[in-house]
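Accompanying notes for the structure given below.
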Amino acid sequence: MELLYELAKTGLETIGDVLPIVAIIFGFQLLVLRQRIPNLKSVLIGFVYVLIGLTLFLVGLEEALFPLGRHMAVQLTDPAFIERTTAAVGSALQWDDYKWVYLFAAAIGFATTIAEPALIAVAIKAQQVSGGAITIWGLRVAVAIGVAIGIALGTFRIVTGTPLHYYIIAGYIIVVIQTVFAPRMIIALAYDSGGVTTSTVTVPLVTALGLGLASTIPGRSALLDGFGLIAFASLFPIMAVMGYAQLGEWWQRRIMKKQWKDKTENQGGSD
Amino acid sequence: MNQLRHFLGSVLSSVRDLLPIVLVVAFFQAVVIQQPVPEIGRILSGSLLVILGLAFFVRGLEQGLFPIGESIAYAFARKGNLAWLLVFAFALGFGTTIAEPALIAVAEEAAEIAADARVIAQDMEAMEEYAFGLRLTVALSVGFAIAVGVYRIVRGWPIQYFIIAGYIGVVIMTAFAPPEIIGIAYDSGGVTTSTVTVPLVTALGVGLAESIKGRNPMVDGFGLIAFASLTPMIFVMAYGMII
C-alpha cells in the first residue's frame with residue numbers, strides 16, 4: 001500500500017518534470033514549425049515508457065539503494081569505525097586512516113555511474129553517430145572510471161580540508177592541455193560526459209557521503225566542506241573520456257605501425 | 001512474441017547495469033562493515049523496480065525522446081529560421097531547468113547558507129526570495145547556454161574556445177565570489193541536466209549537425225550539455241556577489 005502511494009507520488013512528480021518539455025515541443029511544432037509529428041502515436045507511447053521507466057526507477061532507488069547507501073556512508077565515516085580499522089588508537093586520525101572511505105567513494109562512484117540513465121542515452125547516441133568507433137560500454141566505463149577517481153579525490157579533499165577551487169582549477173588546466181592533444185572528434189563528447197554523470201543515481205548517494213564525512217570530521221563544516229563532490233564527479237570524466245580516446249588512437253597507431261612493419265618485412269623477404 | 005523477446009533483452013541489460021552497485025554494496029557490507037544487510041526483502045523488491053524502470057526508460061528513449069529531438073532538428077534545419085531555433089533552444093533550457101527538483105533543493109540549501117552568513121535577513125520570506133532568485137538565475141543561464149550552443153552547431157565553431165573561455169570565467173569569478181557560495185556554485189553545474197533533458201538535447205544537437213551541410217555530427221553535434229553545466233557556475237557566483 002505504501003509502495004503504491006510512493007509510485008503514484010513519484011509518477012506525478014515525473015509528469016510534472018516532463019510536462020514543460022512536452023508543452024515546449026508541441027507548442028513549437030504547432031505554432032512555429034506548423035507540421036505534424038512523424039509517427040506521433042509511437043512517439044507518444046515512447047514518452048509514456050519514459051514516464052513509467054523513470055517512476056519505477058526512482059521509487060526503486062528510494063526503496064532499496066538510497067537508504068542502504070546513505071546508511072553505509074554514515075557507517076564508514078563514523079570515527080568509531082575508522083578507529084577500529086586503524087592501528088593508531090588514541091592519537092588523532094590522519095588522512096590515511098580513511099582508506100576504506102576512499103575505496104568506497106571510488107567503488108560507489110563507478111557503480112552508480114554505470115547505472116546512470118542519462119549516460120546510457122548519450123552513449124547510445126555516441127555509438128550511433130561514431131559508427132561504432134566509440135562503443136556504449138567503452139564510453140560508460142571510461143566515464144565511470146573518471147567519476148571513481150574524482151569522488152575518491154573529492155573525499156580526500158574533505159578529509160584534508162584543502163580548498164575546493166585549487167583542485168578544480170588544476171583540473172581545468174589538465175583538461176585544456178588534453179584538449180590540444182586529443183582527437184578532434186572526441187572533444188565535444190568528452191565535455192558533455194562531464195554533465196551527464198551526475199543526475200538521478202549518483203547525486204543523492206555522493207551528497208550523503210560528502211555531508212556524512214564533513215559532519216563527522218572535526219573542524220569541517222557540513223555546509224562549507226560537504227559540497228563539491230558533484231563538481232569533482234563532473235570534471236574527472238572529461239579527462240577520462242579524452243584519455244580513453246587518446247589511448248585508443250595510440251593503440252590503433254601501434255597496430256598500424258606493426259602491420260606496416262610486418263608488411264615491409266614480408267616484402268623484404270620475398271625480394 | 002518478438003516484442004516480448006525485445007523487452008526481456010532490455011531487462012537483462014538493465015540487470016547488468018545494476019550489478020556493479022549490488023556488488024559494491026554487498027562487498028562493503030560483508031567484508032568491511034561486517035554486518036548483515038538490513039531489510040533484504042525490501043532491497044530486492046526495490047532493485048526489481050530499478051531494473052524494470054531502466055528497461056522501460058531505454059525503450060522510451062529510442063521510441064520517444066530521440067525521434068522527437070531529431071525530427072525537430074530536421075524541421076528547423078529545413079525551415080531555415082535561425083531566430084525561432086534560438087528561441088526554441090532558450091525555451092527548452094529555461095523550461096526544463098526552472099522546475100528541476102535537484103535545483104530547487106540546491107537553491108534552498110544556498111539560501112540557508114546565505115542566511116547563516118548574514119548576507120540576507122534570517123527569515124523565511126527573505127530566504128524564499130533568495131532561493132527563487134537563484135533558481136531563476138540558473139534557469140536563465142541554462143536557456144542562454146543551450147541557445148549559444150545551438151548557434152555554435154549552426155556556425156560550426158570549435159567547442160574548445162567556448163569551454164576554455166567558460167573556464168576562465170569560472171576562475172575569475174571564484175577569485176571574487178564570497179567563499180560560502182563557491183561549493184554550491186560548482187555543484188550547481190551538475191544538477192541542471194536532468195535525465196529527460198539530456199537525451200532530448202543530445203538528439204537535437206546531433207540532429208542539427210546531421211542536417212546542416214558541412215557539419216560533422218561527432219565533432220559539432222555534441223557539446224550542448226557541456227554548455228548547460230558550465231554557465232550555471234558562473235551565473236550562481238555572480239548572483240552570490242550581487243546579492
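The single residue among B:Phe28, B:Phe66 that is aromatic (Phe, Trp, Tyr) and under 19 Å from the mean Cα position of the chain (by Cα) turns out to be B:Phe66. Residues considered: B:Leu54, B:Leu23, B:Leu48. Of these, the only one that is touching an Asp or Glu at 6+ places or on another chain (Cβ under 8 Å), more than 30 Å from B:Tyr151 (Cα to Cα) and part of a helix (DSSP H, G or I) is B:Leu54. In the set (1) modelled with pLDDT of 85 or more; (2) of a type in the set (Phe, Trp, Tyr); (3) under 24 Å from A:Thr112 (Cβ atoms), the condition left unmet by A:Tyr166 is number (3).
Considering the conditions (1) surrounded by fewer than 24 Cβ atoms within 10 Å (Cβ to Cβ); (2) more than 9 Å from chain A (Cβ to nearest Cβ), B:Val236 is excluded by exactly one of them, (1). When B:Leu44 is tested against (1) within 20 Å of A:Leu7 (Cα to Cα); (2) touching a Phe, Trp or Tyr at 6+ places or on another chain (Cβ under 8 Å), only condition (2) is not met. Answer yes or no: is there a residue in region B:198-208 that is open to solvent by 10 Å² or more (accessible area, probe 1.4 Å) and either within 9 Å of another protein chain (Cβ to nearest Cβ) or closer than 30 Å to B:Glu62 by Cα (or both). Within region B:198-208, not a single residue is open to solvent by 10 Å² or more (accessible area, probe 1.4 Å) and either within 9 Å of another protein chain (Cβ to nearest Cβ) or closer than 30 Å to B:Glu62 by Cα (or both). When A:Lys99 is tested against (1) closer than 27 Å to A:Phe232 by Cα; (2) open to solvent by 70 Å² or more (accessible area, probe 1.4 Å); (3) not hydroxyl-bearing (Ser, Thr, Tyr); (4) not assigned by TED's automatic domain parsing to the domain that holds A:Leu205, only condition (4) is not met.
Looking across region B:209-242, the residues that are aromatic (Phe, Trp, Tyr) and in contact with a Ser or Thr (Cβ under 9 Å, 6 or more places away or on another chain) come down to B:Phe222, B:Phe235, B:Tyr239. If you filter region A:202-246 down to residues that are of a type in the set (Val, Ile, Thr) and more than 8 Å from every other protein chain (Cβ to nearest Cβ), you find that the one that is surrounded by the fewest Cβ atoms within 10 Å (Cβ to Cβ) is A:Thr216.
So is B:Ala89 in a helix (DSSP H, G or I), under 17 Å from B:Gly205 (Cα atoms), small (Gly, Ala, Ser) and facing chain A (nearest Cβ under 7 Å) or not? In short, no. Of all the criteria given as (1) open to solvent by less than 20 Å² (accessible area, probe 1.4 Å); (2) more than 7 Å from chain A (Cβ to nearest Cβ), the one not satisfied by B:Ser47 is (2). Once region A:124-140 is narrowed to residues that are more than 10 Å from chain B (Cβ to nearest Cβ) and part of a helix (DSSP H, G or I), the residue that is least open to solvent (accessible area, probe 1.4 Å) is A:Leu139.
Just one of (1) touching a residue at least 40 places away in the same chain (Cβ under 8 Å); (2) open to solvent by 30 Å² or more (accessible area, probe 1.4 Å) fails for B:Ser194. It is (2). B:Asn81 fulfils the conditions (1) modelled with pLDDT under 90; (2) under 19 Å from the mean Cα position of the chain (by Cα); (3) not hydroxyl-bearing (Ser, Thr, Tyr) except for a single criterion, (2).
Counting only residues that are more than 15 Å from A:Val203 (Cα to Cα), in contact (Cβ under 8 Å) with a residue 12 or more places away in the chain and either out of contact with any helix residue (DSSP H, G or I) (no Cβ under 9 Å at 6 or more places or on another chain) or open to solvent by less than 50 Å² (accessible area, probe 1.4 Å) (or both), region A:54-78 holds 8 of them. For region A:145-155, state whether one or more residues are touching a residue at least 60 places away in the same chain (Cβ under 8 Å), open to solvent by less than 10 Å² (accessible area, probe 1.4 Å), hydroxyl-bearing (Ser, Thr, Tyr) and not in a helix (DSSP H, G or I). No, region A:145-155 contains no residue that is touching a residue at least 60 places away in the same chain (Cβ under 8 Å), open to solvent by less than 10 Å² (accessible area, probe 1.4 Å), hydroxyl-bearing (Ser, Thr, Tyr) and not in a helix (DSSP H, G or I).
Does B:Gly156 satisfy the condition of being small (Gly, Ala, Ser) and either within 22 Å of the chain's Cα centre (by Cα) or surrounded by 15 or more Cβ atoms within 10 Å (Cβ to Cβ) (or both)? The answer is no for B:Gly156. Among the residues making up region B:94-138, those that are open to solvent by 50 Å² or more (accessible area, probe 1.4 Å) and at pLDDT 85 or above are B:Phe94, B:Glu125, B:Glu128, B:Glu129, B:Phe132, B:Arg135, B:Leu136. Here B:Ile182 clears all of (1) facing chain A (nearest Cβ under 8 Å); (2) under 30 Å from B:Phe66 (Cα atoms); (3) crowded, with 20+ Cβ neighbours inside 10 Å except the condition numbered (2).
The listed residues are B:Arg78, B:Arg59, and the only one of them that is within 7 Å of chain A (Cβ to nearest Cβ) and either basic (Lys, Arg) or not in a helix (DSSP H, G or I) (or both) turns out to be B:Arg59.
The values are calculated or read from the model by the stated rules, or taken from the named source; none is laboratory data. Note that this is a predicted model, so its numbers are computed, not measured. For neighbour counting, all protein chains shown are included, and Cβ atoms are generated from backbone atoms with ideal geometry for every residue, glycine included. Only protein heavy atoms, including side chains, enter the accessible area calculation; ligands, DNA and RNA are left aside. Shrake-Rupley method; radii C 1.70, N 1.55, O 1.52, S 1.80 Å.
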